[in-house]
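Asks: Structure in C-alpha coordinates, see below.
The values are calculated or read from the model by the stated rules, or taken from the named source; none is laboratory data. Note that the structure is predicted; figures quoted are calculated from it, not measured. Note: ideal-geometry Cβ built from the backbone for every residue, glycine included; neighbour counts use all protein chains shown.
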Amino acid sequence: MNINSACILEDRGILFIDGVDAKDFLQNIITNDINKVSDHNSCFASLLNPQGKFLFEFLVIQHKKGYFID
(Lines give C-alpha, C1' and ligand atoms only; values in the text may rest on other atoms or scores of the structure.)
Protein backbone atom coordinates (compact mmCIF):
# COMPACT_ATOMS: atom_id res chain seq x y z
CA MET A 1 0.00 0.00 0.00
CA ASN A 2 1.33 3.43 -0.92
CA ILE A 3 -0.12 6.44 0.87
CA ASN A 4 1.21 9.94 0.22
CA SER A 5 -0.79 11.92 2.75
CA ALA A 6 -0.81 12.65 6.44
CA CYS A 7 -3.49 13.33 9.01
CA ILE A 8 -3.04 15.36 12.19
CA LEU A 9 -4.51 13.59 15.21
CA GLU A 10 -5.67 16.02 17.88
CA ASP A 11 -4.57 13.83 20.78
CA ARG A 12 -0.96 13.51 19.56
CA GLY A 13 1.90 15.98 19.18
CA ILE A 14 4.56 16.27 16.49
CA LEU A 15 8.31 16.77 16.87
CA PHE A 16 10.70 17.62 14.05
CA ILE A 17 14.28 16.48 14.48
CA ASP A 18 16.90 17.69 12.02
CA GLY A 19 20.58 18.49 11.77
CA VAL A 20 23.72 16.66 10.78
CA ASP A 21 23.42 14.16 13.65
CA ALA A 22 19.64 13.61 13.51
CA LYS A 23 19.87 10.16 11.90
CA ASP A 24 22.55 8.89 14.32
CA PHE A 25 20.71 10.41 17.28
CA LEU A 26 17.47 8.59 16.42
CA GLN A 27 19.27 5.35 15.56
CA ASN A 28 20.73 5.32 19.09
CA ILE A 29 17.50 5.96 21.01
CA ILE A 30 14.61 4.25 19.18
CA THR A 31 13.68 0.57 18.83
CA ASN A 32 13.54 0.41 15.03
CA ASP A 33 16.17 0.85 12.34
CA ILE A 34 16.15 4.47 11.16
CA ASN A 35 17.83 3.32 7.92
CA LYS A 36 14.46 1.84 6.89
CA VAL A 37 12.93 5.33 6.81
CA SER A 38 12.94 7.16 3.48
CA ASP A 39 10.82 9.62 1.53
CA HIS A 40 8.45 6.74 0.77
CA ASN A 41 8.69 4.59 3.93
CA SER A 42 7.97 5.43 7.55
CA CYS A 43 8.56 3.21 10.56
CA PHE A 44 6.83 2.55 13.85
CA ALA A 45 9.16 2.68 16.85
CA SER A 46 9.28 3.03 20.61
CA LEU A 47 11.39 4.84 23.15
CA LEU A 48 12.52 2.86 26.18
CA ASN A 49 14.02 3.97 29.48
CA PRO A 50 17.57 2.84 30.42
CA GLN A 51 16.11 -0.28 32.08
CA GLY A 52 14.32 -1.24 28.84
CA LYS A 53 10.81 -0.35 29.98
CA PHE A 54 8.38 1.15 27.48
CA LEU A 55 7.93 4.95 27.53
CA PHE A 56 6.42 6.05 24.19
CA GLU A 57 5.37 4.72 20.78
CA PHE A 58 5.41 6.79 17.62
CA LEU A 59 5.79 6.93 13.84
CA VAL A 60 8.99 8.24 12.28
CA ILE A 61 8.53 10.01 8.94
CA GLN A 62 11.38 11.47 6.89
CA HIS A 63 10.87 14.96 5.49
CA LYS A 64 13.64 16.60 3.48
CA LYS A 65 16.70 16.58 5.80
CA GLY A 66 14.89 15.74 9.04
CA TYR A 67 12.35 13.46 10.68
CA PHE A 68 8.85 14.00 11.98
CA ILE A 69 7.96 12.02 15.09
CA ASP A 70 4.29 11.88 15.95
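Asks: Spot the failing condition for residue 61; the list is (1) at negative phi; (2) at pLDDT below 95; (3) in a loop (DSSP other than H, G, I, E, B), and only one is missed.
Replies: So the condition that residue 61 fails would be (3).
Asks: Residues of segment 10-24 being touching a strand residue (DSSP E or B) at 6+ places or on another chain (Cβ under 7 Å) and either over 13 Å from residue 70 (Cβ atoms) or exposed (fewer than 10 other Cβ atoms within 10 Å of the Cβ) (or both), which ones?
Replies: Of everything in segment 10-24, those that are touching a strand residue (DSSP E or B) at 6+ places or on another chain (Cβ under 7 Å) and either over 13 Å from residue 70 (Cβ atoms) or exposed (fewer than 10 other Cβ atoms within 10 Å of the Cβ) (or both) turn out to be 18, 22.
Asks: Tally the residues that are closer than 12 Å to residue 37 by Cα and of a type in the set (Lys, Arg), restricting the search to segment 52-63.
Replies: Matching residues across segment 52-63 total 0.
Asks: Of all residues in segment 40-58, count the ones that are free of Cβ contacts under 8 Å to residues at least 24 places away in the same chain and either more than 8 Å from the chain's Cα centre (by Cα) or in a helix (DSSP H, G or I) (or both).
Replies: 13
Asks: Then there is this: Which of the residues that make up segment 6-33 are more than 12 Å from the chain's Cα centre (by Cα), closer than 13 Å to residue 62 by Cα and aliphatic (A, V, I, L, M)?
Replies: 6
Asks: Do you know which residues across segment 25-36 are in a loop (DSSP other than H, G, I, E, B) and under 12 Å from residue 69 (Cα atoms)?
Replies: The first filter runs over segment 25-36 and keeps only residues in a loop (DSSP other than H, G, I, E, B), leaving 31-33.
Of everything in segment 25-36, nothing turns out to be in a loop (DSSP other than H, G, I, E, B) and under 12 Å from residue 69 (Cα atoms).
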